[in-house]
Amino acid sequence: MSRVNFLLPVHNGAQFLPETLQSVLSQDYTDFDVIIIDDGSIDETEEIINRFDDSRLHYHKRTNCGLVGTLNHGLDILDCEFVARIDADDVCFPNRLTSQLDFIQFTQAIAISSGVININEAGRIINMSGGNTNFHSSNSKSIPAREPYLPHPFMMARLDILRDIGGYRHAHLAEDSDLCWRLQDTGRTALQSNILGHYRQHSSNVSRAIQRKCDFLSTVMSLIV
């Protein structure tokens, strides 16, 4: 059993996947495996993965079932102490695991995340996202809501806790926000200011983030009215 498993879901992610995999395999901490769950890709995803001759890569292909089912399948088959999330279009800095393992041990948190540099589809820097000032004062009833949000592609969490709270689920919130609220209700979570990678913003994930905020605000309004 390796100490850390990267959990990497992918669906038709061939465009950015080579850069993501190279960044993951270039970590300066070496006791990890990469569990890739392919959610029914019909592009060159599998071919790209097969080009990487590295025993730490473990590829699992499933019939398309959506992100929640794909992530939960990953949680079922992981064999590790810590789960490090990564998406198929983001880039880890080489010190990501070293830094996060030190931080999660120091804080004794059940889940953490980090700051990121936001980039566009071409890899150009847009801006930097550091520690969220709302993180330690989350409030579901404030307008707008203050979320205990851990940037999800750079989250590290204890596998046993993720399993204990039921993993990901379809909910009125996006699956990552819903998970963050349940993690906060379970134990300590923490957000480090270190910048540990590039988060790629493009049409798919930007629209999803907007929808997540809109869904959450609608839910809060319904509780107040």
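Here, each number is a calculation from the coordinates, and none is a lab measurement. Fair warning: this is a prediction, and the values are worked out from it, not measured in the lab. Cβ placement follows ideal geometry from the backbone for every residue including glycine, while neighbour counts extend to all protein chains displayed.
So if I restrict to the alpha-carbon atoms in segment 24-104, what is the Rg, and what is Dmax, the biggest pairwise distance, in Å?
13.3, 39
Excluding H58 itself, what net charge comes from residues whose Cβ is under 12 Å from its Cβ, given Lys and Arg +1 and Asp and Glu -1?
Net charge in that neighbourhood comes out at -2.
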